[in-house]
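Accompanying notes for the structure given below.
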Amino acid sequence: MSQPLLEVQQVFKNFGGFAALSGVNIYVNPGERLGLIGPNGSGKTTMINCISGLLTPEKGKIIFEGNDITQMTPHHRARAGIMRTFQIPKPFNSMTVVENLCIPLEYAAEHKTSLSVAEEEARKILTLIGIEALGDLKPTGLTQVDMRKMELARSLAGRPKLLILDEVMAGLSGSEVDEILEILFKLNEQGITIIMIEHVMRAVLGFSKRISVLNTGLNIAEGTPDEILNNPEVEKVYLGE
Amino acid sequence: MKLLKRFRIQNIVGFLMGSIFISGLFAPSVYAAEPLKIGLGMALTGGLAAAGKPAKLSIEIWRDDVNKNGGIMGRPVEIIVYDDQTKPSNVPAIYGKLLDVDKVDFVVSGYGTNLIVPAMPIVMDRNMVFMTLFGLAANEKFEYENYFQIMPSGPNPLTDWSEGFFKLASEQNPKPKTIAILAADSEFALNTAKGARMNSKKYGFEIVYDGKYPPGTPDFTPIVRAIKAKNPDIFYVGSYPPGSVGIVKAAKEIDLSPKMIGGGMVGLQYTSIQMNLGKTLNGIVNYWFWAPEPTMKFTGIEAFLSKYQSEAVKYKYDPLGYYLPPFAYAYVQLLGKAIEGAQSFEQQKVADYIRNNAIDTVVGKVSFGKNGEWAKSRALQVQLQNIQGNSIDEFNRAGKMIVLHPEEVKSGNLIYPFPGWQ
Amino acid sequence: MLLFLGAFLITQNFHNQYYYLAAFTVLQYIILSQGWNILGGYTGYVNFGTGAFFGVGAYTSAMIVKTFKIGKSAPFLELPILFIAGGLVAALLGLGLGYLTMRIKGIYFSISTLALAFVTVTIILNIDALGGATGLYIIRPRKIPFFTNYMEFLFLVMVALSIFAVAFARYIENSWIGRGLSAVRDDEDAAECTGVPVLKLKVFATMASSTLMGVAGAAYPYFVTFLEPISTVSLDVGVNSLAMPLIGGTSTWAGPLVGAVLLGIIQQIALVTLSPEYSLLVIGILLVSFVILAPEGIVGLFRKFRASLKK
Amino acid sequence: MVSIDLLLNAVVAGILIGGFYAAVSLGISVVFGLLDIANIAHPLFVITGSYFTFYLNSNFGLDPILVGLILMPLFFVIGNIVYQSYYHFFEKQGAEPLRGLVFFFGVLFLIEVSIIITFGVDYQLVEAAYLGESLNLGIVNVSYRLFIPFLVGVLLTTGLHFFFAKTFYGRAIMGVSQDSLALSLMGADPVRIKSVAFGIGIATASMAGALLVMILPIEPALGREYIGRVFAVAVLGGLGSVKGALFAAIILGIAESLTATYFGAAWSSGVSFGFLLLVLAVRPAGLFGR
C-alpha cells in the first residue's frame, strides 16, 4: 500500500468549552474495512462530521487521496467520493425513495445526468439493498429499518470511494444485520472502502479488518478485532472501572 | 328654504332646457329618466377609512338632496362607490370599472393625494372632469386642465397652507424669532412642513429644529424634549391623528410652552380626539376647514350638518363632522351645479363652466385658478379657546374654535403668547 | 407563445380598459407568487418581505424613467430596460438575503425578511431623491404605436412576463436545480452530504426569486403613476405573494399560478361587488377555509381527486 | 452638545416605552416562542383589547387598567378556543407551520372586519384622571401616561416569568415547548397545556390593548403597523424567553428614544429593525435565546 485513502491527522474540535475531539488520528487504506467504536460521547459522530465536512476542525488536517480536504465543502467531498449515512436518518421527506436516491446520483455521482437514467440507476441500487418495493413511497411511511436501508442506498447512489456508516445496524434484527453485512462485504469486494461506526459489536467485530477505539475525543486503541477484544484499556472503557 | 326654492327653479329651467335640447335628438321619455351616474373610489377600509366613510355618507346626503329636488337636469343622480381599501394599487382598476363597465357619466376622486393620483392617467385619457377631494398639489406634475380640487389650500398649496399661521406670528410684538418644525413622515405632513420652511424664510424666522418622525411612533417625549432643549418661540407641527395626540400630550407633560404652537396637525379637528384632549387644546393655533363660527355660515351648511349628524350617530362616524364632510358634500355639489350651469353633460363644457365661474357651495363660493386649486386660499387658522371640559357640547358651537385667518372670515383674536397648558 | 398571441389579439380588438387594469394586478401577482415560490415553496425559506423586493424594483424603474426619459426616444425599449434594471437591483438585495439564509433558518429567517421590509421603507423615507414620503410621480405615456392605449401595451408586456415567470419556475422545478432545492428544503445537511451545493443553490434561489419580484415591481410605477414607500413596500404585497402559492400549492409551478389567478380574481371581484367590510370578510374566510380544507393547496386537492377517480 | 438631563430623560423615556413594548410582545413571545405558532394576528387581539377598553371606559367610566384585568379571563377563553381550532385543523394533521400562518392571516382580517363593524372606524381614546399628570423627579420628568403602562408591562412580565418558573402549569408549558412527547409520557396532556399557554398569550393582549389605548388613539387598521415591531421585540429577546422580551423591549425603546433625541426620529424605526437584522445575523437565537 502506497498511501492511505483517508488520513485524519491530529484533529481538534471544541463546542463552546467542551472538547469533543482532542487530537484524533485515524487512517484507512484503500479497500479496507475500518471499525470505529467507543462509548457514547466519545466523539465518533463529531469525527464523521469532520470527515464529511459538516464541521470544520479547529486544528489538524484531513487528507483524502493525498489531497488536503480540511477546508473543502461537504458537497465537494461527496463528489470526491466520500459518502456517509446519518445516525438519525435524514431522508428528503417530500420525495419518494427513488427520488431520494436521484439527488446523490445527479449531484455527487454523475453530475446533471438525465432524470430517467438516474431513476433507473436508483432502482438498481434499491434492488441491491433489497427494498425495491419501496421505490415509490414517501420516507415518512417507512419503518425505522427500511429508513436505514434507504439511507444506505442513498449513500451508495453517490458512488462512494469511501463509505462511512454511522450506526446503520441500530434496531435491526439479527437476520437483518446479516443481510446488511452481506451487502457491505459485496460492496467492499467491489472496491469501496468502508468505515463502520457501530454499537452492535457482533457486526463491527465480524466486519472490520481493523478497529480503532475512541474515548473522550482521543484514540485509545487500535488493532484487529481480536486485539481490541483483548485490550484491557478498551475493556475498562466499556465496562467501567 | 330660500336655497331649496332656488334649486327648484334652476332645476325646472334646467330640465326644460335640457329636454328641449335632447328631444331634438332622442326620444325624451327614455332619456330623461336615465340616471346620472357619478362614480368614485373611496377609502372605506384601511388607514383612511375614518375620513373616507363620513365622506361617502356626505356624498350620499348630497345625492338624496338633489334627487328630492328632481335630480340634475331631470336625471336622478346615482352614486357608485367602490372601496379602494386605502391602497393606491386598487385605484386604477376601480376607475377602469367605473368608466368601462359601469359607464358612469362623471367621476370624482377618493380622499387624499395617494388615492387621487393613480386615477389620473385613466381620467386624463378620456378628458373627463375630475373633481378631487383633498389632494395636496397633486396636479402640479400633470397640469391637467380639467382637474379641480376642493380643499381650500389655494393656488400655491404648499405655502398658502401655513401662510396664515406665519402671518399671525409675524404680527406679534415682540416678534418671535425662532421656530421648530416637526413633521410626520407622510406625504401630507411633509408637504406642509416644506411650506412652513418656505414661510419661515419669507417671514424671517430662524429654524432651530427641523425633524420628522415615523408614523407609528408611540412616544413623543424624547422628540419633544429635544425640541424643548432648543427653546423655540414657535413650534410648527405637521402630524397625523395619532401623532397629533401624542405630541400634544407629550408637550403638556414636559411643559414645552412656546409662544405659538400648532399649524398642520391633522386630528385636532376630529370630535373624538377633541373630547379626549378637552382643555388641553386651549391656545393651540392650527389649520381648520370649517368651524361653527358666525363667519362660516355658508348657505346650506347647517342643513347639511344636521342631516349628517343624525346619520353619523348610527354608523359611529365622527359625530360633528366639521372636518371633511362639508367638503365631501361640496365637491359633488359643485359638480352638480356646474352641470346645471353649463346645461350640458359634456365633460368639456362642464369643465369650462367650473373654470370660468364662481360656484356657491356649502363651503362658500368657490372659484378655481392655477392647476385646479382654489383661486384664492381660504386655509383657516383657528385657535381653540374657552374649552372647559370634555363633553361634546364644548365643540359644537361658536366661541370655541376662533377663526383668526383669513381676514374675510375672521371671528376673533389670537391669544398671544400661548397661555400655557391647562 | 399561443397565449401571448392571444393576448396580443385581444389588445388589438378589445378596448375595455377595466379588464386590462384589473388583469394587471392579477398578472403582477402571478409573477410575485412564482418568485416567492422559488424560495418559499421549493427551497423552504419563507419570505415575508416580498414588498421590499417589489418596492426596490419599483423605485429603480421609477428613477430610470425620471432620469433617462427613454420612453420618448425608444418607447418599446423602455419597459425591457426597466425590467432588467429593476430585476438586477432586486437581485442585489437578494444576494444580501442569500447571506442571511446561510445563518438563519425557519421562522427567524421569515422575521428578518419582515425586518428587511421595514428597513427598506425607512431608507426610502429618508432619501429625498426618492421622494421620501412625499412620493414620486411617474406619468405614463398617453400613447404608444399599434395600441389604442398605453395600458393595453403594459398589459401585453405583463402577459409576456407572467408567461416567462411561469416557464422559468417550471423549468427550475423540473430540472436538477429544482430537485436540489427540494433536497435543501427537506434537509440541508443531508443535501450537502449527497453532493448538493447548498449555499450556491440557496443564493441562486434567493436571487432568482428576488429578481422576479423586482421585475414585477418595475412595472408598477407606470400602473399607479405615484410611488410612495408605505403603500409600495406594503405588508399586503408580502401577504398576498405568500398566501397565493399556499392556497394554490407550493410544491409545483401550477400552485402559485392557480393561487394567484384565483385569489387575485376573487379580490378584484370582491373589490367592486361587495360592500367594503364584507370584501375583507370574504378574503379572511377564504384564507382560513382554504388552508383548512386544502392543506396541500388546490393543486394537491386536484391531484387527490384525480387519484381517487382512478381507483 | 450632550446635556445630562436630555440624555437621562431620553434613556428614561426609552425604558418606559420599552415596558409597553414588552407588554405588547409578551403574547408573541409565549405563543410563538414556546408553542411555535406564528400568530401573526396577535396585534389585532391587542387592538381588540383596546376597543373593549375604550368601550367600557367611555360608557361606564371604568379605569383602563381595571378593564384590562377584567378582560383577561375572557381573552384567555378566546385564546383557548383559537388554539383548539388551530390544533384541530393544523397541528393534529401534522400540517407545516406555514399553513398556520395563512390561517392567522385570515384571522387577522376577520378580527379587523369585526372591529370595523362593531366599533366603527373613528379614532378612539380613553380617559382616566391620572393620564394627564406627570411626576417630576428632579431633572427627570415621568408622565403617568407612559409610567403606568411601563409599570403594568413590567409587572405582567415578572408575573409571567414566575408563573413559568414556579408553578406546575408554567413548568409544563416550558416542558411542552421542548418535548411534548416526554411530557405526555409523564401523564400531562400537551394539547391542554398548549391551549392554556395560548390562552395566556392572548390574555396578555387584553392588558396590552388597554395600555395601547392609553398612549395613542386607536383605529382598526393600526394593528398592521404594530406587527413588525411586536415581532422584532419577541425575536430580539429570544423567542420564548419572557424575561428576554422585557430586556429586548427596553433596549429597543432606549435605542429608539436616543435616536429620536439625537439623530431625529425619522431613523428610529429603521434603527430598531436594523438592530434586529444585525442580531439575527450574528446571534440567530436572539439576545436572550435559549
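Within the stretch D:38-63, the set of residues being within 23 Å of residue D:227 (Cα to Cα) and over 14 Å from the mean Cα position of the chain (by Cα) comprises D:51, D:52, D:53, D:54. Tally up the residues in the stretch D:115-168 that are within 11 Å of another protein chain (Cβ to nearest Cβ), hydroxyl-bearing (Ser, Thr, Tyr) and surrounded by fewer than 18 Cβ atoms within 10 Å (Cβ to Cβ), please. Final tally of qualifying residues: 1. Just so you know, in the stretch C:132-142 the residues that are modelled with pLDDT under 85 and of a type outside the set (Lys, Arg) include one that is surrounded by the most Cβ atoms within 10 Å (Cβ to Cβ), and it is C:135. For residue B:321, the criteria (1) small (Gly, Ala, Ser); (2) within 25 Å of residue B:157 (Cβ to Cβ); (3) open to solvent by 10 Å² or more (accessible area, probe 1.4 Å); (4) out of contact with any strand residue (DSSP E or B) (no Cβ under 8 Å at 6 or more places or on another chain) hold in every case but one, which is (3). For first residues located in the stretch B:273-286 and in the same structural domain as residue B:167 (by TED's automatic domain parsing), partners that are polar (S, T, N, Q) and open to solvent by 10 Å² or more (accessible area, probe 1.4 Å) and lie 6+ apart or on another chain with Cβ distances below 6 Å form the pairs B:275/B:390; B:278/B:390; B:279/B:422; B:282/B:422.
Only one of (1) more than 7 Å from every other protein chain (Cβ to nearest Cβ); (2) touching an Asp or Glu at 6+ places or on another chain (Cβ under 6 Å) is not met by residue B:214, so which one is it? In the conditions (1) more than 7 Å from every other protein chain (Cβ to nearest Cβ); (2) touching an Asp or Glu at 6+ places or on another chain (Cβ under 6 Å), residue B:214 misses (1) alone.
Looking at B:330, B:303, which one is open to solvent by less than 30 Å² (accessible area, probe 1.4 Å) and assigned to a helix (DSSP H, G or I)? After ruling out the rest, the residue left standing is B:330. Close contacts from the stretch A:143-156, counting a first residue that is over 18 Å from residue C:189 (Cβ atoms) and crowded, with 24+ Cβ neighbours inside 10 Å and a second that is at pLDDT below 90 and small (Gly, Ala, Ser), with Cβ to Cβ under 9 Å and a gap of 6+ residues or different chains, come to A:149/A:130. If you go through the stretch B:187-211 and keep only what is within 12 Å of another protein chain (Cβ to nearest Cβ), in contact with a strand residue (DSSP E or B) (Cβ under 8 Å, 6 or more places away or on another chain) and of a type in the set (D, E, K, R), you end up with just B:210. Would you tally the residues in the stretch B:242-267 being touching a Gly at 6+ places or on another chain (Cβ under 9 Å), within 8 Å of chain D (Cβ to nearest Cβ) and without any contact (Cβ under 8 Å) to a residue 60 or more places away in the chain? Final tally of qualifying residues: 5.
Of all residues in the stretch C:228-262, count the ones that are hydrophobic (A, V, I, L, M, F, W, C) and at pLDDT 90 or above. Of the residues in that region, 8 qualify. Under the condition of being open to solvent by less than 10 Å² (accessible area, probe 1.4 Å) and over 21 Å from residue C:270 (Cβ atoms), the residues counted in the stretch B:85-106 number 1.
Assessment of the stretch A:84-103 against the conditions (open to solvent by less than 30 Å² (accessible area, probe 1.4 Å), small (Gly, Ala, Ser) and not in a strand (DSSP E or B)) yields no matching residue. Do you know which of the residues in the stretch C:90-131 that are under 23 Å from residue D:37 (Cβ atoms) and aromatic (Phe, Trp, Tyr) is modelled with the lowest pLDDT? So, considering only residues that are under 23 Å from residue D:37 (Cβ atoms) and aromatic (Phe, Trp, Tyr), the one modelled with the lowest pLDDT is C:108. Could you go through the stretch B:194-215 and let me know if any residue there is in contact with a Ser or Thr (Cβ under 7 Å, 6 or more places away or on another chain) and closer than 28 Å to residue D:20 by Cβ. So far as the stretch B:194-215 goes, yes, one or more of its residues are in contact with a Ser or Thr (Cβ under 7 Å, 6 or more places away or on another chain) and closer than 28 Å to residue D:20 by Cβ.
The single condition from (1) within 14 Å of chain B (Cβ to nearest Cβ); (2) among the hydrophobic types (A, V, I, L, M, F, W, C); (3) out of contact with any Lys or Arg (no Cβ under 9 Å at 6 or more places or on another chain) that residue D:215 fails is (3).
Table: residues versus (1) more than 24 Å from residue B:361 (Cα to Cα); (2) in a loop (DSSP other than H, G, I, E, B); (3) within 14 Å of chain C (Cβ to nearest Cβ).
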{"position": "B:131", "(1), (2), (3)": "no, no, no"}
{"position": "B:136", "(1), (2), (3)": "no, yes, yes"}
{"position": "B:141", "(1), (2), (3)": "yes, yes, yes"}
{"position": "B:167", "(1), (2), (3)": "yes, no, no"}
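Of the residues screened, residue B:52 is not one that is within 13 Å of chain C (Cβ to nearest Cβ), farther than 27 Å from residue D:123 by Cα and open to solvent by less than 10 Å² (accessible area, probe 1.4 Å). When C:90, C:74, C:129, C:167 are checked against the criterion of being under 26 Å from residue D:273 (Cβ atoms), away from chain D (no Cβ under 14 Å), surrounded by fewer than 17 Cβ atoms within 10 Å (Cβ to Cβ) and not β-branched (Val, Ile, Thr), a single residue qualifies: C:129. The number of residues in the stretch B:169-186 that are open to solvent by 30 Å² or more (accessible area, probe 1.4 Å) and either under 29 Å from residue B:47 (Cβ atoms) or within 14 Å of another protein chain (Cβ to nearest Cβ) (or both) comes to 0.
Considering only residues that are in a helix (DSSP H, G or I) and β-branched (Val, Ile, Thr), look in the stretch C:174-229 and name the one that is farthest from the other protein chains (Cβ to nearest Cβ). Per the stated criteria, the residue is C:211. On the stretch given as the stretch B:143-165, residues that are open to solvent by 10 Å² or more (accessible area, probe 1.4 Å), part of a helix (DSSP H, G or I) and not acidic (Asp, Glu) total 2. Taken together, the criteria exclude residue B:238 from residues that are touching a residue at least 24 places away in the same chain (Cβ under 8 Å), open to solvent by less than 10 Å² (accessible area, probe 1.4 Å) and at positive phi. Scanning the stretch B:366-407 for residues that are touching a residue at least 24 places away in the same chain (Cβ under 8 Å), within 18 Å of residue B:155 (Cα to Cα) and not small (Gly, Ala, Ser) turns up B:366, B:368, B:370, B:371, B:373, B:374, B:376, B:378, B:380, B:381, B:405, B:406.
Taken over the stretch B:216-243, the criterion of being of a type in the set (Ser, Thr, Tyr), more than 20 Å from residue C:125 (Cα to Cα) and touching a strand residue (DSSP E or B) at 6+ places or on another chain (Cβ under 6 Å) is satisfied by B:236 alone. For the stretch C:241-266, the tally of residues that are farther than 15 Å from residue C:39 by Cα, within 14 Å of chain B (Cβ to nearest Cβ) and in contact (Cβ under 8 Å) with a residue 40 or more places away in the chain stands at 2. Among the residues making up the stretch C:170-185, a single one is out of contact with any helix residue (DSSP H, G or I) (no Cβ under 7 Å at 6 or more places or on another chain) and either touching a residue at least 40 places away in the same chain (Cβ under 8 Å) or surrounded by 24 or more Cβ atoms within 10 Å (Cβ to Cβ) (or both): C:170.
The values are calculated or read from the model by the stated rules, or taken from the named source; none is laboratory data. As the structure is a prediction and not an experimental result, all values here were calculated from the model. We place every Cβ from the backbone using ideal geometry, glycine too, and count neighbours over all the protein chains shown. For accessibility, only protein heavy atoms count, side chains too; no ligands or nucleic acids. Shrake-Rupley method; radii C 1.70, N 1.55, O 1.52, S 1.80 Å.
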